[in-house]
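Trainee: I have a structure I would like to understand better, so I am pasting it below and will then ask my questions one at a time.
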Amino acid sequence: MRPAAIIGALAAAVLAGVGCSNDLDRVAAVDVRQEAPDRVTTGAEYVYSDSGRVRNRLKAGRVSDYRTTPPPRTELEDGVELVFFDRAGRPGSVLYARRAHILPGEKRMEVLDHVVFTNVRGERLETEKLVWEQDSARVHTDRPVKITRANDILYGQGLDASEDFSRYTIRRVTGSLVLDRDTLSPL
């Protein structure tokens, strides 16, 4: 046998001995971080319906589900958009934020960082944190708020509103308010 063939045969034997193997103990020993999400989705879009009617649509750049790490939660990152639909199925109010997290056990969603919520009348709410209480269909914040309307801008500290931002109450109002003459009651 030629020396090159012997060297080739020895190399093949060595490589075969070091080839792929599935040592189950080594596979089981792979360290997955305890706080790692159970599932990650990128470019996600979810549509929520009730009794056959679309209620809202949620989009997020990245969705991380944590089901086995307490508390169970879903974290939304890289931009969040939540569109509320009216009874006729038309898109209405739209909520944007940089990130959010959903706590299903508490039926609550918190949106954070550059939160912008626009209603069907074109009124625009800006704040840094907004909490959506799903069981009461309400949103609220204790943070500073800015509401831009057709004729004025309202500032305040804290807000309570319907989940579609069609009705709202600013807790402590600052800024100027423009009223039409016919909205004033006679003395």
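Trainee: Examine the stretch 115-123 for a residue that is buried (at least 16 other Cβ atoms within 10 Å of the Cβ) and under 18 Å from residue 102 (Cβ atoms), and state whether such a residue exists.
Mentor: yes
Trainee: Something else: Restricting to the stretch 59-77, give me the number of residues that are surrounded by 17 or more Cβ atoms within 10 Å (Cβ to Cβ) and either among the hydroxyl-bearing types (Ser, Thr, Tyr) or in contact with a Cys (Cβ under 7 Å, 6 or more places away or on another chain) (or both).
Mentor: Result for the stretch 59-77: 3.
Trainee: Now, a different point. Which one of 54, 131 is assigned to a strand (DSSP E or B), without any contact (Cβ under 8 Å) to a residue 40 or more places away in the chain, under 22 Å from residue 44 (Cα atoms) and more than 16 Å from the chain's Cα centre (by Cα)? Reasoning before the result, please.
Mentor: On the way: 131 fails: more than 16 Å from the chain's Cα centre (by Cα).
On inspection, the qualifying residue turns out to be 54.
Trainee: Starting from residues that are at negative phi and not in a strand (DSSP E or B), keep the ones in the stretch 78-91 and report whichever is surrounded by the most Cβ atoms within 10 Å (Cβ to Cβ). Explain how you work it out, then say what you get.
Mentor: The first filter runs over the stretch 78-91 and keeps only residues at negative phi, leaving 80-88, 90-91.
Within this subset, residues satisfying the condition of being not in a strand (DSSP E or B) are 86-88, 90.
On the way: 86: 15, 87: 8, 88: 7, 90: 9.
Top of the filtered list is 86.
Trainee: Suppose we filter 131, 94 for residues that are within 16 Å of residue 55 (Cβ to Cβ) and β-branched (Val, Ile, Thr); which single one remains?
Mentor: Details: 131 fails: within 16 Å of residue 55 (Cβ to Cβ).
Matching residue, one of 131, 94: 94.
Trainee: Inside the stretch 92-127, can you point out the residues that are assigned to a loop (DSSP other than H, G, I, E, B) and not β-branched (Val, Ile, Thr)? Outline the logic, then answer.
Mentor: Here is the first cut: in the stretch 92-127, the ones assigned to a loop (DSSP other than H, G, I, E, B) are 98, 107, 119-123.
Passing the criteria: 98, 107, 119, 121, 122, 123.
Trainee: Ok, one more. Check the stretch 27-48 and report whether any residue there is modelled with pLDDT of 85 or more and acidic (Asp, Glu).
Mentor: Yes, some residue in the stretch 27-48 is modelled with pLDDT of 85 or more and acidic (Asp, Glu).
Trainee: Further question: Residue 148: surrounded by 19 or more Cβ atoms within 10 Å (Cβ to Cβ), modelled with pLDDT of 90 or more and of a type in the set (Ser, Thr, Tyr), yes or no?
Mentor: Working: surrounded by 19 or more Cβ atoms within 10 Å (Cβ to Cβ): no; modelled with pLDDT of 90 or more: yes; of a type in the set (Ser, Thr, Tyr): yes.
Answer is no for this residue.
Trainee: For residues in the stretch 116-145 being among the aliphatic types (A, V, I, L, M) and under 21 Å from residue 104 (Cβ atoms), which is modelled with the lowest pLDDT? Don't jump to the end; show me each part of the working.
Mentor: Let us first name the residues in the stretch 116-145 that are among the aliphatic types (A, V, I, L, M), namely 116, 120, 125, 130-131, 137, 139, 145.
Next, only the ones that are under 21 Å from residue 104 (Cβ atoms) stay: 130-131, 137, 139.
Details: 130: 95, 131: 94, 137: 84, 139: 91.
In this case the residue turns out to be 137.
The values are calculated or read from the model by the stated rules, or taken from the named source; none is laboratory data. From a predicted model like this one, the values you see are computed outputs, not experimental measurements. Cβ sites come from the backbone with ideal geometry, for glycine too, and all protein chains shown count toward neighbours.
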